[in-house]
1. Search region A:162-183 for residues being at pLDDT 95 or above and within 14 Å of the chain's Cα centre (by Cα), and hand back the single one that is farthest from the other protein chains (Cβ to nearest Cβ).
2. Please give the number of the condition B:R82 fails out of (1) part of a helix (DSSP H, G or I); (2) touching a strand residue (DSSP E or B) at 6+ places or on another chain (Cβ under 6 Å); (3) over 18 Å from B:L26 (Cα atoms).
3. Residues of region B:102-116 being in a helix (DSSP H, G or I) and of a type outside the set (G, A, S), which ones?
4. Considering each of B:E32, B:E25, B:E16 in turn, give the residue that is charged (D, E, K, R), in the same structural domain as B:P71 (by TED's automatic domain parsing), touching a strand residue (DSSP E or B) at 6+ places or on another chain (Cβ under 9 Å) and surrounded by fewer than 16 Cβ atoms within 10 Å (Cβ to Cβ).
5. Would a scan of region A:139-149 turn up a residue that is under 26 Å from A:Q71 (Cβ atoms) and surrounded by fewer than 22 Cβ atoms within 10 Å (Cβ to Cβ)?
6. Here is a list: A:D209, A:D214. Which entry is within 12 Å of chain B (Cβ to nearest Cβ), at pLDDT 95 or above and surrounded by fewer than 13 Cβ atoms within 10 Å (Cβ to Cβ)?
7. Tell me the residue from B:L180, B:L242 that is out of contact with any Pro (no Cβ under 6 Å at 6 or more places or on another chain) and part of a loop (DSSP other than H, G, I, E, B), please.
Amino acid sequence: MSYTSVVCIKQVPDTAKVTGKAMKEDGTINRAALPAIFNPEDTNALEAALSVKERFGGKVIAITMGLPAAQAILREALYRGVDEVYLVTDRKAAGSDTLATSYILSKAVERFSPDLVFCGRQAIDGDTAQTGPQIAEKLGMPAVTYLESIDFKDGRALVQRDIGTGVETDLVELPALFTVTEKFGELRPADVRLVMKYKNYEPNTLSCDDIACDASRCGFAGSPTSVNKIESVVLAGKGFKSIEPKIDAIEALVKELRDEHTIG
Amino acid sequence: MNTRSGEVWVYAEQEEGVQSDIAFELLGKGRELADKLGTKLAAVLVGSNVQGLAQALINSGADIVHIVDDPKLVNYIGLPYRRVLTSLIKKISPQIFLFGATHMGRDLAPAVASELRCGLTADCTDLQIGDYTDKKTGENFTNILHQIRPAFGGNIIATIVNPRNWPQMATVREGVMKALERTERSGEVINHAAELDDFQIPVEIVSILRKHSSVNLKGARVIVCGGAGVGSKENFQLLHDLADALGGAVGGSRAAVDLGYCEHERQIGQTGVTVRPALMISCGISGAVQHLAGMQDSQKIIAINTDKDAPIFKVAHYGIVGDLKVVIPMLIKTLKAK
């Protein structure tokens, strides 16, 4: 039995490197101001799909939604053995929150009638972990979140998932969607031959119309949440006291903490 | 003028009949929101044989406990739980529904919001009632839920609103909201049928292996936390020794976990646990915003670092610029000399 997998990936600003003003006045992100990277847990999702193809055959399709610059991560996916890539890009999709994003992606995923859909657990720009489960709901599939491993048994997926308080093993009917964490394992390195083959590859693009999206469910129009206010994090001073790394100063500190009952 | 009515709901997560702490934390915040709105606070309890959990929810602030109790709901599975909640929402129309940003809450809430096509804000660290004006249409909304969360790797704090869709949904980080002191209160328990007889569940749980964690960071009064600057796993033992001397717990930054100095379950920060102990001793932590997001509300922070310019000193109450291999033994010696 071979499986057709769709992997949803996202190019994200490297939020570990945020400096200065990264937000526009309307509260959306000024992505141009930051280095763009392959969202870390989406690389784990890609590895999950590629490992299924390696073990059982089939094909892997990678989809991203974003600006044309997001082609870069689709090429990264091709370098690792993905069969087809698509860029969903459309001005109508601008301003989409997770509900609108999951709608548009579900319409794109649907075209390929996959057995398996893989997403990273969450993207580092929003950290919401909502898009995966919401795509599953729209496609009428079960969502298996926090996937750690996948195998198959009698036509069902045999999965292990992290439930926070332990590890759960499930048998899941297909088609199904999986959100993948870094525990699944690192993405394989690029294959040099595939790099040579695809380094100038221009991915196919899909508009909202191409995938038959209802415009009222895309972008700002399809997004129930609005950003009311954005504040930069300012590290507050707290009556800072400098303590010398010497025994008498340390003793005085411990006495102070004991006197105010911070420690017993 | 757009105003709302309806109950404030919190999802009272339970596993194996044990109520999660987050349920009580959500009730603490939910009580404040419901009082502000002049409406009732309800806990929503889903599972099998969970009736016995209701009184503790009432004693922790709930006016009403909506229970859906059915053998098919014995273990959490996304699809039937979602179905139960969406029918309950359609039946009762709460104005606000809060979930914990736990593994379960982050699995369940997005699916519920997706089916109802309503907004959901993830991982809130504060919630307030306020007004909102849509700048495009000029429409005013009063008494709506302001959902406050860090975004963009903790570099910004965003206030999100969902002014038009019902209910207003949010997940809330664990350890951020304070549970109320429990008092004997009376409340209403309402049972609802699960209506799952014809429902085929496409997921079969084969086994659940619970890890019984010996690490309890959220409950610790004192935490000694180490980062990359600790330098080695051997040096990290010093932190354990200091924590033992203080009767505290040991945590680590993401860097310390990645370097193998401590276990993943000890991670404090945006992708780990949020803590606010009475005393936090940060050792060899530079203070990336992702880490600070999980500890900056500690009541007292002592930072030990060789780099006097490390950002951790900006949130610390006491700063010791020095080598932790020298400073920690001094602290242990002083504590033991009592």
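The values are calculated or read from the model by the stated rules, or taken from the named source; none is laboratory data. Computed from a predicted model, the values in this text were never measured in an experiment. Note that each Cβ is placed from the backbone with ideal geometry, even for glycine, and that neighbours are counted across all protein chains shown.
1. Across region A:162-183, the extreme among qualifying residues is A:V180.
2. (2)
3. Within region B:102-116, the subset in a helix (DSSP H, G or I) is B:103-116.
Result: B:H103, B:M104, B:R106, B:D107, B:L108, B:P110, B:V112, B:E115, B:L116.
4. Working: B:E32 fails: surrounded by fewer than 16 Cβ atoms within 10 Å (Cβ to Cβ); B:E25 fails: surrounded by fewer than 16 Cβ atoms within 10 Å (Cβ to Cβ).
After ruling out the rest, the residue left standing is B:E16.
5. Within region A:139-149, one or more residues are under 26 Å from A:Q71 (Cβ atoms) and surrounded by fewer than 22 Cβ atoms within 10 Å (Cβ to Cβ).
6. Values: A:D209 fails: within 12 Å of chain B (Cβ to nearest Cβ).
Unique residue meeting the criteria: A:D214.
7. Unique residue meeting the criteria: B:L180.
Residue-wise test of (1) modelled with pLDDT of 95 or more; (2) of a type in the set (V, I, T); (3) assigned to a helix (DSSP H, G or I).
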{"position": "A:D26", "(1), (2), (3)": "no, no, no"}
{"position": "A:V52", "(1), (2), (3)": "yes, yes, yes"}
{"position": "A:L74", "(1), (2), (3)": "yes, no, yes"}
{"position": "A:A77", "(1), (2), (3)": "yes, no, yes"}
